[in-house]
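Scroll down for the structure; my scribbles are underneath it.
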Amino acid sequence: MHTELSYPHPATPELGQVTTVAPGVHWLRMPLPFALDHINLWLIDDAENQVALVDTGFASPQVQAAWREALRLRLPSRLIVTHFHPDHFGLADWLMREWNIELWMSHSEFLTGHAVWNEIAGYQLSASLALYRAHGLDEERLEAITVRGNAYRRGAPQLPERFHRLHDGDEVVIGGRTWQVITGWGHSPEHVSLYCAAQKLLISGDILLPRISTNVSVWTVSPEDDPLADYLRSLTRLEALPEDTLVLPSHGLPFVGLHARIAQLRAHHEERLAVLEAALDAPKTAAEVITTLFSRTLDTHQLVFALGESLAHLNHLVALARVERLRHPDGRWRFVRIA
Ligand SMILES: [Zn+2]
């Protein structure tokens, strides 16, 4: 087994330009207004000189202009979306209208996007604030989250109202080549990765990234979930793919070495769990352990993910019976190591 990752395409494409990473598969890179400043999108040659699009980018005039440039010489045949997050799904409605194409994605991702957009079904801001308060976030930071409002709608101003459903195991034929749908969990409810066995290519979406670890968060709608267990199970499924698979991730560079990367990610989460467990010699809230897991200063956007990520690790320790969750008389949840 290789222990190092290799990056066969180290030069990133310019805005609106594409780099071909395998026969008939092209890489498009779009800007993101966050610390994570870019997303990779993929164009796959389809029938009649058209291209199937995978993911959309975060809504902005700059991204729309880059799409127009990229699609000047090639027409899109259809849109496939890996998951509902705004950098992946945000311009779906616009692309569908502008080029008269249809959308393929999983059922849970489609509906979750609508729930978050509309702030219903457990995705209300008030529900999030109540959860974050119960997990120890102070009023000043709760206020900053309130002021921020519905961040999802900024990246996804309008959502489509119809789609074609993708299921785990589906085979999607694009330009004569078969791509297998592999669903994954923990980052989002029913994330779609696409694997082409003939070309040994994996469009991994956000499930497998070369440098950063995928965000795995607890959300208000299911506060006692164990999304880290879900995520680790998703990695196990990708581990069945061949060693020389070229992984096309949503962030960072295309890479070879998925087994080494999966081993690194497992070790990373094991280490995070051990650090957290060690810190819980006395009862602490999830907000109190954020600094145990994240040493850097966090803006409001990062804070929400960091709290969700802390809770994911805490809930996993609870599921493993290494940590106990206690409700204190002040209404706050605290976690403590089981001696
Ligand atoms: Zn994502």
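We did not get these values from a lab; they are worked out from the coordinates using the rules stated. Everything numeric in this text was worked out from a predicted model, so none of it was measured. For neighbour counting, all protein chains shown are included, and Cβ atoms are generated from backbone atoms with ideal geometry for every residue, glycine included.
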Euclidean distance between Cα centres, the stretch 1-74 to the stretch 262-279, Å: 32 Å
Total formal charge among the other residues, if their Cβ is under 14 angstrom from that of CYS196, Lys/Arg +1 and Asp/Glu -1: -3
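Please give me the summed charge of the neighbours of LEU293: other residues whose Cβ is under 14 Å from its Cβ, Lys and Arg +1, Asp and Glu -1.
Working: positive: ARG272, LYS284, ARG296; negative: GLU270, GLU271, GLU277, GLU288, GLU309.
Result for the neighbourhood of LEU293: -2.
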Residue exposure sequence - HIS187, HIS38, HIS328 - by fewest surrounding Cβ within 10 Å: HIS328, HIS38, HIS187
Fewest-first sequence of ILE174, ILE207 by Cβ atoms within 10 Å of each Cβ: ILE174, ILE207
Cα gyration tensor shape of the stretch 73-127, rounded if a/c is under 1.5, else prolate or oblate by comparing a/b with b/c: prolate
Overall Cα dimensions of the stretch 18-257 - principal axes, largest extent first, Å: 55, 39, 30
Within a Gaussian network of the chain (alpha carbon springs, distance under 10 Å), most fluctuating of ALA286, ALA66, ALA121: ALA121
Loop trypsin sites (Lys or Arg not before Pro), the stretch 149-205 (other Cβ atoms within 10 Å of the site Cβ: 12 or fewer; DSSP): ARG162
Residue exposure sequence - ARG72, ARG148, ARG233, ARG272 - by fewest surrounding Cβ within 10 Å: ARG72, ARG233, ARG148, ARG272
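With Cβ to Cβ distances under 12 Å as the rule, what net charge do the other residues near HIS88 carry (K, R +1; D, E -1)? Working shown, then result.
Numbers: positive: none; negative: ASP55, ASP87, GLU109, ASP206.
Local charge sum for HIS88: -4.
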At least 15 Å along the helix axis (C-alpha) and Kyte average at least 0.5, DSSP helices within the chain: 300-319
